[in-house]
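Asker: Attaching a single structure in structure tokens format; questions to follow.
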Amino acid sequence: AQTVTQSQPEMSVQEAETVTLSCTYDTSESDYYLFWYKQPPSRQMILVIRQEAYKQQNATENRFSVNFQKAAKSFSLKISDSQLGDAAMYFCAYGGNRDDKIIFGKGTRLHILP
Amino acid sequence: KAGVTQTPRYLIKTRGQQVTLSCSPISGHRSVSWYQQTPGQGLQFLFEYFSETQRNKGNFPGRFSGRQFSNSRSEMNVSTLELGDSALYLCASSSGLAGRVNTGELFFGEGSRLTVL
């Protein structure tokens, strides 16, 4: 079964600095999708960034980028120029081809220090 | 376009009771997924429905059930509530690529916060 592991329950970063959130996953599939979702204190989860496993190029969305290492099964999220609005729970997620479901990690709570 | 709507937002029940939660997906979305969120376990997958059919189910006891109607609205039911069922229940809809949910973006509702006393 596929699993997603986020080893950092909480992290803090100074405003305007860069922070990297870690995620590893386990799968026997070769084709799949990886996601980072953000859940602000108001609770509604939104998609931050998506990576297709067959694409070697790392996905980027404005200040958010990923470091996708397929062989190592690692998928980290880098947030540049951190802003107060980035404070949230961040979930790493996996979507395989065999099941119609997306599996989430336990999340990393990110604090932004002014 | 209206987002995903979940009702009720908050509810309190006692052990042994049952509860029904409702989810209205984004118009045009035919896939609805349900998750249970607790502080220690993160998001755990409950089940996913597409065109009124349950396509996938997580590792939850049979007390947890769901269904989807022809208008794509979905309900989940928990019978014989236990203290451990206290959680935020999240619903997410997706258009999916060719009906598949794993490839695309999930759009979440604000959740239903269930407290079991």
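Asker: GNM on chain A, C-alpha springs below 10 Å: top fluctuator among A:Ser12, A:Ser65, A:Ser74?
Answerer: A:Ser12
Asker: Hey, can you find the accessible area per residue of the protein assembly as shown for me, probe 1.4 Å, expressed in square angstrom?
Answerer: Ligands and nucleic acids excluded, the figure is 46 Å² per residue.
Asker: Could you give the dipole magnitude of the protein assembly as shown about its Cα centre, charging the beta-carbon of Lys and Arg +1 and that of Asp and Glu -1, in debye to the nearest 20?
Answerer: So the magnitude is around 480 debye.
Asker: Kindly provide the pair-distance distribution of the range B:7-59 built from C-alpha pairs, with 10 Å bins from 0 and whole-percent values in order of increasing distance.
Answerer: 19, 44, 34, 4
Asker: Please identify, among B:Phe50, B:Phe107, B:Phe60, the residue showing maximal mean-square fluctuation in a Gaussian network model of chain B using a 10 angstrom Cα cutoff.
Answerer: The residue with the greatest mean-square fluctuation here is B:Phe60.
Asker: So how much accessible surface do A and B hide from each other in total, probe 1.4 Å, in square angstrom to the nearest 100?
Answerer: Chain pair A/B: roughly 2100 Å² of buried accessible area.
Asker: Report, in debye and to the nearest 20, how large the dipole of chain A comes out about its Cα centre when Lys and Arg carry +1 and Asp and Glu carry -1 on their Cβ.
Answerer: Using only the charged Cβ atoms, the result is roughly 120 debye.
Asker: Roughly what % antiparallel, to the nearest 5, for the DSSP beta bridges in the protein assembly as shown?
Answerer: Expressed as a percentage, antiparallel bridges in the protein assembly as shown total about 90.
Asker: With respect to the cross-link table entries A:Lys106/B:Lys57; A:Lys78/B:Lys57; A:Lys38/A:Lys101; A:Lys55/A:Lys106; A:Lys101/B:Lys13, which display a Cα-Cα separation exceeding 21 Å?
Answerer: A:Lys78/B:Lys57; A:Lys55/A:Lys106; A:Lys101/B:Lys13
Asker: Bin width 5 Å, alpha-carbon pairs only: give the P(r) of chain A as whole percents, running from 0 to the bin holding the largest distance.
Answerer: 2, 12, 24, 25, 19, 10, 5, 2, 0
Asker: Same structure again: Build a GNM of chain A with springs between Cα atoms under 10 Å: which of A:Gln14, A:Gln44, A:Gln56 gets the top mean-square fluctuation?
Answerer: Evaluated over chain A, the most mobile residue of the options is A:Gln44.
Asker: Follow-up question, since we're still on this one. Using only alpha-carbon positions, what ratio does the radius of gyration of the protein assembly as shown give when scaled by 2.2 N^0.38 Å?
Answerer: Its radius of gyration relative to the 2.2 N^0.38 Å reference: 1.01.
Asker: Then there's this: Roughly how crowded by other chains is peptide A:43-52, in terms of the mean Cβ count from those chains within 10 Å of each of its Cβ atoms?
Answerer: Counting Cβ atoms of other protein chains within 10 Å of each residue's Cβ and averaging gives 4.
Asker: Suppose the Debye formula is applied to equal point scatterers at every Cα of the range A:6-51; what is log10 I(q)/I(0) at q = 0.19, 0.25 Å⁻¹?
Answerer: Values, matching the q order: -0.86, -1.20.
Asker: List the relative contact order of chain A as a percent without decimals, with contacts defined as Cα pairs under 8 Å and 6+ residues apart.
Answerer: 37 percent
Asker: Among A:Met89, A:Gly105, A:Phe68, whose Cα projects farthest towards the positive end of the dipole of the range A:22-114, with charges put on the beta-carbon of Lys, Arg (+1) and Asp, Glu (-1)?
Answerer: Going by the charge dipole, the pick is A:Met89.
Asker: Once the mean 1/r over all distinct Cα pairs of chain B is inverted, what Kirkwood radius in angstroms do you read off?
Answerer: With all distinct Cα pairs of chain B included, I get 14.1 Å.
The values are calculated or read from the model by the stated rules, or taken from the named source; none is laboratory data. These numbers were taken from a predicted model, which means no experiment stands behind them. Every residue, glycine as well, gets a Cβ built from its backbone with ideal geometry; the counts of neighbours run over all protein chains shown. Note: accessible area is taken over every heavy atom of the protein model, side chains too, but ligands, DNA and RNA are not part of it. Shrake-Rupley method; radii C 1.70, N 1.55, O 1.52, S 1.80 Å.
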